[in-house]
Structures are given as structure tokens and as C-alpha cells.
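Report on one structure; see the data block that follows.
Nothing in this text is a laboratory measurement; each read-out follows from the coordinates by a stated rule. The structure presented is a predicted model; accordingly, all values stated were derived computationally and were not measured. Positions of Cβ are backbone-derived with ideal geometry, glycine not excepted, and every protein chain shown enters the neighbour counts.
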Amino acid sequence: MRNTFTKLFTANTMRLVLALAAFAAVAAVLYNPFDSSKAATSVDAISKMYKRPAPDFDLNESVKLPNARLATGEQLAALDTLKSSTGAANMTSRWNTFGGSPDVIYDFASQAYTGTPEEAGRSFLAQNATLFGISDPNSLRVFSERAAGGGHLIRFQQTFNGIPVEMGGVGIVMNGSNQVIMASGPYFRNVSVNTSPSLSADQAVAKANADLARFSVNLPSQINNLLQSGFNTIAQQTSAINNLPPSLGIYPTADGYKLVWKVAKFSTNPFGLYVVSIDANTGETVARKDFVNFQTVPGQETGDIYPKYPQIDDNLKNNSIISTCNGPIGPAPCGQERVTLRAFNPTNRVTGLQGVLTGTHAAVTNALAGQQPFGQAALGTWHFRVDDPTALEARTNEQDQFAEPAEHQDEVNAYFFLTYLMEYVDYIHIAGDNNQFGGGSFPDDYPNKTNPMPGSVHIPNIYIALDATGGVLPDPTQPDFALKVLGLDNAISLNLTSTIEGVTGTKAPVVLNPTVYGHGYLFNDLALEGTVPYHEGMHSVTSPIAGLEGTEGSALNEGQADMWAFTITDNPSLGDYVVNAKGFRQYYRDRGRDPDSLAYIRSARSTLKYSDIGTWSNPGQFEEHYDGEIYMSTMWDVREMLNRLYPQTTGFRRPQPKDGAPQKVITKGTNIFERDFMMSMYILGTTSPDTMVKARDAMIIADQMLYPSDSADADAPGKHRAMFEQIFAAKELGINAREVTGGVATISTQVSHFAGEQATPGVPQNVQAAPASTKSLNVSWDAVPGALAYEVLKRKTALAGQRQPNGERAFNDGDASTTGYRHAVFVTASQTSWEDKGAIHEVFAPEGLKNLFDSEYVVRAIGANSSGQLGWSNISGSSTPSTVRQDLTAQVDSALSNISFAGGTTSFDNKLTNARGAFSADKTIYSPLEFQVVNISNPSVAVKKADSNGNTWVYNQTLSLGQTSAAKRMEFNNPMMQLFTFDARIYGNAYAGSTVGSGSGGSDGTSDPPAPVVYSLYNQTLTGALLAGEPSGTADPSGSATWGDPAFKGITWDDIPFTTKSDAVALEATLTSATAVDMDFELRTADGQVIMRSAGSTATEFVSSSVQPNATYIFRVLGFLNGPSTYNIATTQLLPSGSPNANGGTRTSGGSSTVSAVTNPVSGLFRFTVNPLTKKVTFIRLN
């Protein structure tokens, strides 16, 4: 970064002069803890986004005891009684073996109970006490109760001797008739513990402080002084936490229960908002949780803001400059608009001088150390369009976050975003909660409705201690010292509500969850992108509604906040502007990484699935942002599918950013999604802990309440039940999925009979997968009449019938069987092709496919049937692209450099260029390329340090047409430094074609394996003999003295022609010999072109290929170092089922045929001349 200190001293009225002078003095007299030699490195920027100063800890996860509270016979009988009494034979029920009670039950409707909702809920629990293991119904106290979805939602907290049981209780969802339609646990069975603590509350606080102190980092005063302003701002907003007295709780374990003190603490070092659970008898730390979530006249005040974010272009990426565009009022930073500031207190003309803005929905504070007064505030303007000192105006400055007055752009932008977010939430709850198609369902009172949401901008790098733990701290003598300390590459929400509820076991009376935003050091300014405040703000809104407790609950919290940012902006990514920063891109460039691989903070198109939970970093860890991608990408798929089903826009609106008026057009599908999604958050408020499986259940119940398929039937499924089940199953959260237990998730791709047996469109045909680039595949198929969308799935060809391991963490399979196919993408009906560009996760653009030829693809059609539900077709036949090894010497150019003759070694660098293309449709040469020395003229010279077989250098690269490889160093032992020549050939892999998927397989969603395709077989055995073997034979036939020489035909080699049947599809052939030690085997066309070669170290070789019917092919047998030997060639031709040409029974395989992409190959040979006298190496192509 450039040096900004001169500008700070001159332009900003000696800002930070005193602090920096003090830093210099301290550095002069004290030891220097800063290692300037490490200034270019730091804790990995991506890891630091996700890392916590004091990690979360849970004793149960660390000991990994198996859960042992299985259902008793009495409980199972009680479940059968409930099914019978409600007529719900197909009730969905899932057991929680940690609690010893149902985790969830739904797909039923109880009797209608009289009385208040609480009385009705208690009546249901009293009737079903045996099922839940409730011994004393009076020990249940109401934690939360609200009217929503046309019914009532109640969460009963479990207590023992008046002390709350951690995560214990029962949630009840009732419809408007006081019928229970869902109940969730766990209620912990047989709690027994001494509730008299040995430790006092003060002793517990001391133990908690000592626990956190283990993670404290000794930061020099130079850094602490710069951080203090930001810490003071946050401390004021979290003061309620440190005044919260410790509370007793009961902590369940797999083998018993512990009495604990729960201590809340806001800490600046280590930074976090912690609840530490201390064993009330031993003083042991049993749990630690950080509740920080990581993103003119009065009334006519105006501001320049970015409704989305500043324009992303090369000027921003490479220079940190926001380009200029012509706007309605003249030139302005691209993406900026001037708006009237809504719900804006007139007093901001005074408080705005110090960077404090308040209003109905937001209260924003500028925490920048040494900030200067903002003179424009008195004028009622917050303008940042141009540099105009006479108007006290300065243009938005991404290059210099300290520039005055431009740095005040942050507070007005954050104010605008938080205000718009709350207008959006308000509209869903009130003005938009109408009575058409599922209306009138949300409470009019919601979190932050009457309390402005706190937001602080220019928060310093409160996580700088993470650099210290990595052994690196910024050096105060370096010019960018203040930039590093004051530049936070993050935004956070401090979840005070959940912290208070976690300690007290009661609903927090006031919702006040502050959000804070850094202006970035490596990142661009986080307050300038709307998705960041939307994400952090929705933490503050949703956490009090849903709770979102537990390890998976934290991931759900991140995922839901991401999803709200996506749907509000109608954009499937978050943080695009933030990461497309000069500093961040240079950080990657300096480490040899491609800066264009950085695309966003997270993408809604993440390819992570439930089997990937807990696999962040190495070794695999649970990390809520990473794991949250599983949930948010599932929700995005739901939203997109609903938009395909309901594209209508008439009558569906949201507030528009510019003025807050409800004129933003949305689809009916988005309206349904946002309502179901919000309702699912309210339902999750009745469950604890929250898991991804429960989030699936919550969406199902939300849809049932808001959009019932039969409003006269209390337990009728929602209109979108089948859709929701299938999309969750695509993400491995199917009907048999179970929450993470003992660090292990149970996955499922199966759906219920209701979802799996819906009427469907036809099965897609003509599925073909072919290379689109060196790192991507294009999958295409024929359109299916009546299809609404398609699902593409893929599997490793070696994993048919198996789950694909993730390489980091084991998982359980909840299904009895699987096809092995994994969901890849959903696309709309108008799209009959899709390019697979590889995995998507975290900040990275699609990472590309490492191997284009190790997977097969199938497609399913999705359509709406007469019931309104969606049906998924069976899977299609599969398509698999394949390669063939080719002699590409004639197609590749070689370039030599850095030639050396020293110490008896001749060496040089060799680069290969794909000059004329492989003999295939796409001309690409696929890895590996082999540079094979086939002959050396001088017997005193030998290959040195070859990669393979003593004569071959391997280039593990794929080269598209015209592309050049990296240099490969090649060495020869040449002890007498003599002139010599050597011949070489170049081999590589070419795209050989793809199988074409036709027919129909089974349903992956119900775990039935695909129906096999049956081939009839024609078997034939050919025989022959060779009199001798070639003594100088090599892996390359052209290196032999006799192979191919007509004079030696039938002696060291032979050709055996044969003709395929009139309906042949493919051919397989196995060469064997009982007398030869080694033979090689080739399949050739009639004109001698090699189709496939098998050259192992024995006399057993195998070739196969798709073939043309009624065509002549040649088997070439090559003998090596053998005497007179006989051989057999066992051939099998694959024919259509029932072929009259068959003579060998049948074979079953996938539903595919093969299409070839190979063109006519031309062989070649390089001859290199090495001359020690001239110090040159030259070469020619011989053929």
C-alpha cells in the first residue's frame, strides 16, 4: 500500500500526530516485538475471516460419548397411540437419542384444545407426557409465545428444581383452531442432579475470566491506543452483558447431567461476546460460546449513497479508484445515487458533526480514531459526489479511508442500508402481510421495530490479536502501520439477545443487537456494500425470533443472514465489492494465486452439501460461515424454483431502496419464498437446539400453515411440500438425515413416498457431457415437454452405488442404498445445457474441474402436475466423456532454453506447445503429456532423472490449442561430453468422445438404483503365433527395429483383421498367452490408425472402444523377448438387446451409448542433436 502518513499530517489537521509520536517514543525505549522481516506475510486472510480469538468449546463434542437415551417401550407405545388417535399413519417422527425424547413430530393434527394457546399446549403435553418423558408438567415454563402463521407458536423451557436445562424443552406449533400440528424437542429424560453449587457465583466468574485469559494476547500499547476508540464504542453498546449476574443451569451430557454457572462477558482481549459455562462443583469449563456473528430543511436532508455498491471494474480492482459515471445531476462515482434520508432525526444536523446519525430504524456512530467534524451536517447534506472544499464536500475515497471529509461517507451509507433493511422487514410483517394467497400471518411486533438498530462504522481491527497468534504484528515504523491497525476486514453483529437468553434461560426483554463495520485493510470498505449491513442486520432481527442455538444453529444463523441479503438485493452473492479490492488481490498475487479467483464473500450457488459440514480447513472443522453455505444455497434453490413456478408479478411488491415506497416489483414466487422463509424462522423459535434437519422441517410446516393444499384439512401438506423435500434431499438433507451427533452428520437423498410418487414429466434423453474448456464440461440434453426445470447430477465413475467421501470428516448414510449420484445444479426449462465449472465455496469463483474424465452425468426433469405439487422424473441414462492416448509428436512444438554442459551433464529446459492440436474434436491435449526418449545415438549417454520408466519426462498439464507448457528440466549423463543425438516422441491424451445417455434409470431421490441397460453379446476367439520377440522393443513401437517391418510380420509382430457385426455398438478384446513373457496389443483402424494401445509388462493386455457396424478393424500383436509363442484374442462385441447376431448371452450396464470424438491421428518423431562444442541442442521433426 502507498504511504498515507504525509497526507494525514498535512490534510487532516495533524490527525494522529500525538498518538504516532507516542508510538515512536515507546518503540525507541522498549523492546521491539515487531518482526519487520515478516511484514509481507500474515495470518491467512481467508482463515482470519472465519477464525475466533477464543474458539467455541463444548464438552460433549470433545469427549464424543455415544448417545444412549433410546426410546423406551412405553414411549414407542405412546407414539403409536398419538398416530392412532390423530389418524396419522404416515406421521413424520424423528428420535433424539441425546435427550431421550422425540426430536420432532409432524404430519398430524391433534384434537382442538380449549383455552388459551398456553393452556392448549399444556393439555397436549399432559396427554403425551409419556411420549416426551415428562414426569412433572409443572416444571415446564413458557419461554416464548407469539401468534404467527394464522396460529400460535410456543416454546416451553424445561427446568429442574427451577433451574433451566440447557437446550431442553418442547416447542409447539398450533393452527388457528388450537390443533397441534408440530411438536419438537428434545425434552431431557430422567434429569437428576444436585442443584446446590459448591462454587459461588464470584468464584465462577473468576474461573470464566481465567478461561478466557488463556486466549489473551499481549498487544503493544501502540496498537491498543489505536484500538481504544472502537473498543469504547462497542463496550458502551454491550454494557448490559457485563452487568448480567451469573445464572445456574443444567448441562446435559451423554452419560448424565452437570450443574453449571453460566457467565456472560464482553471481552476486548480476546475479543468476543462470550457465555462460559463453569461446572458449579469442580470449576471445570464445560462450554464456551462466542455470540459475535461475523458483516436543506429539517426532514429534507439528503445523502449520496450506494444502493448496491460502487461499480466493480479494473480501476477499482487495480487502483482502488471508483470510476466516474454521468448521473442525473452530473458526474458522480459510478453506482452512487442522491436520496432523501428517511426516518432521519433533525438533530442529526448537530450530532452529525461528530459522525452520529439517529432515526426511527438506525443509530449509527463513526468510531474512527481522530476523525474530524463533518461540517456538511449543519447544512443537512451528506454529499460525496465531487471534491469541492467550498461546499465542504469530498468524493468517496476508497484509496484513503482517513481522508476528510470523505470518510464520513460510511455513516450515511450504513444509516441508509439499515433503514432500508428495517423498512423491508416491516413491510413483510405489516403492509405486505395481506390476505391474498397466504396473507395476514406475521405478528405486527418484531425485533427492532421500535428500537433503532445500532451500527458503528470505521471500527478498527479488533481481531488483530489473530495476527499476534500467527507470530506477526504490524511494525509501527512502517508507513502502513495505522492502516493495518485501523483497517478491519470484517463486519460483525453482537448477539446480545442470545447471550442474555443463554445465561438466564428466559426470553430477553429488550432486543438490541449492535452491528459494526470495518473499512478494510486488504478489503474494500464494508460499509459501502448493501449486502453486508443486510447480512449483519438480519442477525440482529432473526436471532431473537429463531434462537438458532447450537453448532448447526450458528451455521443456520449465518446462512439465513446470507439468504436475506441475497433475496433483498435479488443477487446470488454477497461481498462482491468488498473482495474485489486492490490490496486483497495483491495479497493473492504475491502468493502465486490468481486474483481473479476472488469473486465474493459467499455465493448462493455454493456446491457444499450436508456431507461437507465440518470440513472447513485441514483438518476439517465446524465453521458457521462455511457450514452455513449448505443452508443458504438450499434456500436459494427453493427461491429460484418458486420463481419458475410463479413468475407472475402483478400485485407483488416490496419497498424500493431509493425512497422506501412499495413499488419494487417482485414475483409471486419471491413473495411466497420470503413469507415461508420468515415463517420458518418463527417456527425455529419453538425448537432448541436448531439443526439443518429442523430447518427443513420448519420450511415444510411454514408452507403447510401459509399455503395449505387443502384449507379444510388441518394436516394437509403445504402446496410446495414435494418441492421442498426434493430440494433439501438434493443437498443430502432428505427424509433419513439426522443432525450432527458426536461430530458426525447423517445424510440422506431420499424423500417421502408423498414427494417421490408425484406425477412427473418424461425422462430427458440424448444426455451428452463433453469438454467445454480445459477445466469445464458442457452437459446437454433434449428438452422434455411440460418441464418446469431440470436437475443435473454427477458421480465419480468409480463410486457407482457409493457415497463420495469428502476427505476431511466421516459421515453416516441414513439411506439403505444410493446410486452415488450427487446434485450438481437446477436449471430452468428453457436451458437444455449447463457448464460444470467445478466446486463453489467461500470467496472463490468456480474452481474448475481437476479431471474432466472421472465423472458421469445424468439429468432429471421437474414439472408441476395436476395437484400443483412438483414431480421429479427418473434419472436419465448417463454420459461420460473419455480420453485416448495418442502419439502427438507431429502436433506439438518444442522450445529449448537454458542449455548447460557442465560436470558431465547436458541439461536444458524444454517447453511444449500444442501447436496443431490433438486428433480430436476440441484439439486439446489432456494431462499428462509424456516426452519419451526412444533412442540415443551414443551408448555412453543416458537419460538422467527422468520422471517415469527411466526415459520419460511427464508434464502434468493440459494444453488447449496454442497453449504452452511450463518448462521441464531435462538432463543427460554425458561423461565424455560427446556429440550425440536422441529421438523422442510426445504422447498425450485426447478427448475420445462421450457415452450418450438414453433410456431411463431409477429415482435417485428414493435411493433406487438406475435401471440397467441390457446388451446382447457376440463372443469370438482369434488365435495366432509369433516365432520370436523383438529384443529392442520399447514402450513406443516405432523404437523397435522389427515391429511394423513387413519382413518380420508373423515373426515378431502380426496383424489380425476382423469385421464387426451389422449392429455392433462397442468392442472389447483381451490378449493372453500361456507361453510368452510379454506381449503388447493394439486396436487399429483398417488403414492402420491406432485407436487404443495396451503395453503392460505381461502377455495379458486389454483394449476397448466404440465401433462402427460392418467395419473392418485390426488387432496388432507385438512380441517382446519371447521365443515361439501362441496367443489368444478373446473378443466381445456389444450389440443391442435381442440382437439376432448375439451368441453369448447378455450384459447389463448404464443407459448409455457412445459417440466418438477422435479424428485421424498422424504419428511423428523428434530427433535432437546435442553438440558440446557449439553448446547447442537442435532438433528436427522426422515425420
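Worth a mention:
- For the range 1008-1151, the percent of C-alpha pairs falling in each 5 Å distance bin, counted from 0 to the bin holding the largest distance, reads 2, 10, 19, 21, 16, 13, 9, 6, 3, 1, 0, 0.
- Applying 0.36 nm per residue to the separation of PHE1102 and VAL350 and subtracting their alpha-carbon distance, the gain on full extension is 262.2 nm.
- The range 579-589 - phi-based ³J(HN,Hα) in whole Hz, Karplus 6.51/-1.76/1.60, Gly and Pro as x: 8, 7, 10, 4, x, 5, 5, 5, 4, 6, 4
- 13 Å reach of a label modelled at ASN161, 7 Å along Cα-to-Cβ, counting backbone N of the range 186-218: 191-199
- Residues ALA816 and GLN963, FRET efficiency given R0 of 45 Å [Cβ-Cβ distance, rounded to 0.05]: 0.45
- Pair-distance distribution of the range 330-461: all C-alpha pairs, bin width 10 Å, starting at 0; shares per bin in whole percent are 12, 38, 29, 14, 7, 1.
- Full-stretch length increase - LEU76, VAL217 - with 0.36 nm per residue and alpha-carbon distance subtracted: 45.5 nm
- As a proxy for reagent exposure, ILE430, ILE700, ILE312 were ordered by neighbouring Cβ count within 10 angstrom, fewest first; the result is ILE430, ILE312, ILE700.
- Amide N proximity, the range 786-812 versus SER833 label position 7 Å along Cα-to-Cβ, cut-off under 15 Å: none
- Extending 7 Å from the Cα toward the beta-carbon at both LEU379 and ASP570 defines two label points whose distance is 3.5 nm.
- Legend: calculated FRET efficiency, LYS944 to LYS850, from the Cβ-Cβ distance at R0 = 45 Å, rounded to 0.05, equals 0.90.
- Among CYS334, CYS325, the ranking by other beta carbons within 10 Å of each residue's beta carbon, starting with the fewest, stands as CYS325, CYS334.
- Max-minus-min Cα coordinates of the range 755-880 on each principal axis give 44, 36, 29 Å, with the largest extent listed first.
- Each residue of the range 682-695 was assigned a 3J(HN,Hα) from its phi angle through the Karplus curve 6.51 cos²θ - 1.76 cosθ + 1.60 (θ = phi - 60°); the sequence is 5, 5, 5, x, 9, 10, 6, x, 8, 10, 5, 5, 5, 5 Hz, with glycine and proline shown as x.
- Relative contact order of the range 70-188, taken over Cα pairs closer than 8 Å and 6 or more residues apart, is 28 percent.
- Hypothetical label at LYS308: residues of the range 504-535 whose amide nitrogen lies under 12 Å (7 Å Cα-Cβ projection): 530-531
- Once you divide the Cα radius of gyration of the chain by 2.2 N^0.38 Å, the number left is 1.08.
- By the Stokes-Einstein formula, at 1.567 mPa s and 4 °C, the range 591-737 with its Kirkwood radius over alpha-carbon pairs has D equal to 76 µm²/s.
- Annotation for SER617 and ALA783: the two label points, set 7 Å from Cα along the Cα-Cβ direction, are 5.0 nm apart.
- For the range 747-797 versus the range 613-660, the inter-centroid distance based on Cα atoms is 22 Å.
- Modelled spin labels at SER900 and SER198, positioned 7 Å past Cα toward Cβ, are 6.9 nm from each other.
- Relative intensity, log₁₀ I(q)/I(0), of the range 746-805 from a Debye sum that treats every alpha carbon as a point, q = 0.24, 0.25 Å⁻¹: -1.17, -1.17
- Pairwise Cα inverse-distance average, inverted: Kirkwood Rh of the range 618-683 (Å): 13.8 Å
- Rounded to 0.05, the FRET efficiency of the ALA1074 and ARG916 pair, given R0 = 60 Å and the Cβ-Cβ distance, is 0.85.
- C-alpha center-to-center spacing [the range 898-939, the range 205-219] in angstrom: 60 Å
- As a proxy for reagent exposure, ranking ASP676, ASP1087 by other Cβ atoms within 10 Å from fewest up yields ASP1087, ASP676.
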